[in-house]
Amino acid sequence: MNPVSEFEAHVFSQSPTAAAEYDGAYFTDEWRESGHSYRVESRRQIEGRHPELIKAVFQPERVLDVGCGPGALMYLLHEVGVSADGLDVSPESKRLAPEAVRDRITIGAATGSPFPDDAYDLVICRELIEHLTVLEARRLVQDVCRVSSRFVYATTRFHPNPSSMLDVTDERHVDPTHITVMTKDLLRVMFILEGFRSRPDLEQRMDWLNKGRVLVYEKQRLATTA
């Protein structure tokens with residue numbers, strides 16, 4: 001079977017993860033290999049200087065965190081003077097969120113956000129794509145690019161040993177909901193086809209831990225013909 005046929009078979013074999021999988025225990029229990037949860041103090045240690053870096057690199061005025069979970073990054077951005085809205089599929093996200101950002105979280109699917117075009121100059125999408133099917137990931141990229149007036153900052157886990165750009169695997173041993181681990185090139189193509197250009201300089205600045213999982217794309221104002 002050639003790579004395109006294998007990719008097609010894989011795409012149509014996937015089933016979306018139910019929102020019910022992201023219950024309170026998913027966010028608060030220390031079941032992960034590293035032992036961390038999504039509680040603010042746990043995330044504060046993991047994030048380190050990341051909130052300050054977001055502020056310095058993007059200098060954002062309007063921020064949306066897609067797949068925000070219980071709003072830990074939103075809260076840490078709030079502490080450094082950056083107001084962010086959030087979107088998450090799990091109702092538990094809003095219940096568990098710090099009071100300071102709780103009312104800024106919208107519950108809904110990441111693949112069809114209710115926000116208008118160009119509503120935010122920075123859309124953040126971190127560690128979400130691996131939870132989606134390939135088709136959902138494509139729709140997510142379309143939507144975050146639609147909502148962003150300038151930057152999209154994304155991180156995800158990439159295929160560790162692909163034989164082609166279309167290779168897709170999973171990472172269920174890390175998290176049962178990690179159903180899509182694609183290649184970096186495939187994800188880059190999705191952003192390019194939405195009219196966004198990569199910013200390697202900003203990717204380097206944001207990847208301060210050198211994990212190789214950072215993408216930064218900037219909207220291009222393309223000329224159109226009548």
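Where a number appears in this text, it was derived from the coordinates with a stated rule and is not lab data. Here the structure is a predicted model, which means the values were calculated and not measured. Here the Cβ is made from the backbone with ideal geometry for all residues, glycine too, and neighbour counts use every protein chain on show.
Key figures for this structure:
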item	result
Segment 77-118: radius of gyration over Cα atoms, expressed as a fraction of 2.2 N^0.38 Å	1.22
Inter-label distance, nm, simple model (7 Å from Cα along the C-beta direction), E218/K184	2.0 nm
Extension gain, I192 back to D103 (0.36 nm per residue minus Cα-Cα distance, nm)	28.7 nm
16 Å cut-off, amide nitrogen to a point 7 angstrom out along M165 Cα→Cβ, residues in segment 129-159	138, 159
Longest to shortest principal axis, alpha-carbon extents of the chain, angstrom	51, 47, 33
Cross-link reach list, lysines versus K211, counting only Cα pairs under 27 Å and skipping chain neighbours closer than eight places	K55, K184, K219
Stretch in the chain that is longest and holds no trypsin sites (Lys or Arg not before Pro) that DSSP places in a loop and that have at most 13 other beta carbons within 10 Å	50-171
Distance (nanometres) between label positions extended 7 Å along Cα→Cβ at H173 and E30	2.4 nm
Once exposed loop chymotrypsin sites (Phe, Trp or Tyr not before Pro) are cut out (DSSP; at most 14 other Cβ, 10 Å), longest piece of the chain	32-207
Extension gain, R44 back to W208 (0.36 nm per residue minus Cα-Cα distance, nm)	57.5 nm
C-alpha center-to-center spacing [segment 162-192, segment 95-118] in angstrom	25 Å
Estimated dipole of the chain in Debye, rounded to 20 [Cβ of Lys and Arg +1, of Asp and Glu -1, Cα centre]	580 debye
Residues whose placed amide H lies under 5 Å from that of D121, excluding near-sequence neighbours	E61, R62, S149
Under Karplus coefficients 6.51, -1.76 and 1.60, residue-wise ³J(HN,Hα) of segment 172-186 in Hz, glycine/proline x	5, 6, 8, 7, x, 9, 7, 9, 9, 10, 9, 7, 5, 5, 5
